[in-house]
Amino acid sequence: MNASVQHADEYADGALILVLNCGSSSIKFALFEQAGGVLPQQAQWGGKVEGIGRENATYRAGGLPAVALQLDAELPHHAALEYIRAQVVAQLAGRPLRAVAHRVVHGGSKYFAPVRIDAKVLADLKSFVPLAPLHQPFALEAIEVLLESRPDIAQVACFDTAFHHTVPQVEQMLALPYDAWERGLRRYGFHGLSYEYQSLVLEQRFGPVARGKVIVAHLGSGASLCAMENLHSVATTMGFSALDGLMMGTRCGSLDPGAVIYLMEIEKLSLEKVAHVLYHESGLLGVSGVSADPPVLLAQQDRQDATGERIRAALALYIRRIVREIGALTAVLGGLDMLVFTAGIGEHSAELRQRICAELGFIGPVLDAQANARNTSRISSDASRIVVGVEPANEEWVAARHAALAVGA
């Protein structure tokens with residue numbers, strides 16, 4: 001297994017690294033070219049296919065308008081991968097691809113660092129599918145297709161769980177019989193590539209405060225918080241699965257296990273139906289009945305009808321869960337020096353950032369309204385007791401960096 005990369009090394013000029021981030025309904029891709037002995041943080045070219053499995057799938061890349069796709073209804077992910085492959089080949093224009101990096105959500109209790117993929121590693125990763133059913137199967141499908149069609153191209157798995165390997169055992173354990181711990185039932189944590197990026201850039205952006213007591217809020221369709229000290233993860237809100245912690249777009253977040261027992265025993269929902277409800281019908285979508293997307297809900301929150309009431313309730317619950325967990329992680333850290341927002345919602349929703357910080361008065365964040373509205377890097381005012389920042393996510397660069405070092409590019 002390759003050792004985890006902690007420091008930037010020199011890279012071979014001209015080497016091309018492709019990054020694939022495959023989810024249940026989308027595939028993001030980015031192509032990085034090494035130059036001047038470094039791997040630029042911005043991709044040379046990239047894009048995504050969205051709406052996989054639906055009638056309105058689209059392809060967008062290189063800043064050009066979206067293109068409608070007609071994907072095979074029986075094998076939509078495979079069809080999307082084939083379409084992306086053709087676009088990548090055209091973009092390469094005969095230049096060789098050095099490696100493909102894959103964001104793999106779960107490395108289980110075995111993989112704590114990026115690893116070159118072979119048949120044995122792929123078999124191991126398939127055993128973790130039940131732990132991350134929204135993402136793991138689709139990343140592995142892409143890996144398997146490439147192993148069969150292009151075994152000459154190195155593939156590197158980069159794990160979302162790996163960054164949280166530094167959390168203490170007390171944060172990893174579940175209050176289950178001890179043999180569950182021995183079987184690997186534990187709190188793993190996710191969004192690790194996003195948090196790893198923050199650990200690499202925050203000190204450059206904000207100075208020494210970044211090595212203090214920091215909470216990073218990754219708020220996207222999936223959402224979690226990570227508490228860091230000295231740029232290492234010490235606690236996080238997601239646990240054994242990506243259902244835990246914060247309320248999300250369609251996922252429930254932390255939930256009384258008794259509610260699941262009730263749904264199965266009293267309401268007679270099957271295991272499959274309960275899983276579908278918790279992963280796809282809960283969160284903002286489930287409570288609001290309108291959308292899983294906060295901007296859509298914010299735009300309709302003033303409606304004076306029953307739907308408006310549900311939207312306001314959904315947003316209030318979403319914010320309350322974030323505030324409660326920030327408070328809990330602040331207690332674990334023994335204080336807070338900096339709060340950082342990242343990912344799609346964290347980076348772009350000034351209103352949600354303001355509402356979250358307004359409910360954290362005991363911690364002391366005070367926002368500069370104009371800076372917050374502009375989504376600038378530092379959005380706290382001089383009166384704030386803590387630094388509040390906004391830092392765009394860049395999981396693709398982290399994965400490309402690991403792949404380049406793993407293959408000696």
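The values are calculated or read from the model by the stated rules, or taken from the named source; none is laboratory data. Keep in mind that what you see is a predicted model, and the values were worked out from it rather than measured. Glycine gets a Cβ as well: all are built from the backbone with ideal geometry, and neighbour counts include every protein chain shown. Note: areas computed on protein heavy atoms with side chains; ligands, DNA, RNA excluded. Shrake-Rupley method; radii C 1.70, N 1.55, O 1.52, S 1.80 Å.
Tabulated values for the structure
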{"item": "Rg/Rh ratio calculated on Cα atoms of segment 101-173 (Kirkwood radius)", "result": "1.00"}
{"item": "Computed Kirkwood radius, in angstrom, where 1/r is averaged over Cα pairs of segment 219-312", "result": "14.7 Å"}
{"item": "Where N is the number of residues in the chain, Cα Rg divided by 2.2 N^0.38 Å", "result": "0.98"}
{"item": "GNM top mover of Ala373, Ala313, Ala119 - the chain, alpha-carbon springs below 10 Å", "result": "Ala119"}
{"item": "Protection-proxy order for peptides 121-129, 147-155, 216-224, each taking the mean of Cβ atoms within 10 Å per residue, highest first", "result": "216-224, 121-129, 147-155"}
{"item": "Solvent-accessible surface (1.4 angstrom probe) belonging to Leu92, in square angstrom, nearest 10", "result": "20 Å²"}
{"item": "Value in Å of the Kirkwood radius, where segment 15-167 supplies the Cα pairs that are averaged", "result": "16.1 Å"}
{"item": "Antiparallel %, DSSP beta bridges [both residues in the chain], to 5", "result": "65 percent"}
{"item": "Value of Rg to Rh for segment 207-392 (Rh from inverse mean 1/r over Cα pairs, i.e. Kirkwood)", "result": "1.00"}
{"item": "Three principal axis lengths of segment 80-133 [C-alpha, angstrom, descending]", "result": "40, 22, 17"}
{"item": "Within a Gaussian network of the chain (alpha carbon springs, distance under 10 Å), most fluctuating of Leu225, Leu174, Leu333", "result": "Leu174"}
{"item": "Gained length - His232 relative to Thr307, 0.36 nm times residue gap less alpha-carbon distance", "result": "22.8 nm"}
{"item": "Lys, Arg +1 and Asp, Glu -1 on Cβ, resulting dipole of the chain about Cα centre, debye, nearest 20", "result": "360 debye"}
{"item": "Cα-based Rg of segment 234-282 normalised by 2.2 N^0.38 Å, two decimals", "result": "1.18"}
{"item": "Chain lengthening between Glu267 and Ala90 when straightened (0.36 nm per residue, less Cα-Cα)", "result": "58.4 nm"}
{"item": "D_trans [Stokes-Einstein, Kirkwood Rh over alpha-carbon pairs] for segment 118-226, 20 °C, 1.002 mPa s, µm² s⁻¹", "result": "130 µm²/s"}
{"item": "Per-residue SASA entry for Asp293, accessible area with 1.4 Å probe, Å² rounded to 10", "result": "60 Å²"}
{"item": "Surface accessible to a 1.4 Å probe, Val332 within the full protein complex, Å²", "result": "80 Å²"}
{"item": "Largest to smallest principal axis extent of the C-alpha atoms in segment 286-330, angstrom", "result": "37, 17, 16"}
{"item": "Of the trypsin sites (Lys or Arg not before Pro) in segment 220-324, those whose Cβ has at most 11 other Cβ within 10 Å and which sit in DSSP loop", "result": "Lys268"}
{"item": "Distance (nanometres) between label positions extended 7 Å along Cα→Cβ at Glu351 and Asp293", "result": "1.4 nm"}
{"item": "His165, His135, reordered so the largest accessible area comes first (probe 1.4 Å)", "result": "His165, His135"}
{"item": "Full-extension gain in nm, Gln42 to Thr376, via 0.36 nm per residue minus C-alpha separation", "result": "118.4 nm"}
{"item": "Loop sites in segment 304-400: chymotrypsin sites (Phe, Trp or Tyr not before Pro), DSSP, at most 13 other Cβ within 10 Å", "result": "Phe362"}
{"item": "Two-decimal Rg to Rh for segment 290-362 - Kirkwood Rh, Cα set", "result": "1.02"}
{"item": "Leading residue at positive end of dipole, segment 15-167 (Cβ point charges), from Ala61, Val88, Ala15", "result": "Ala15"}
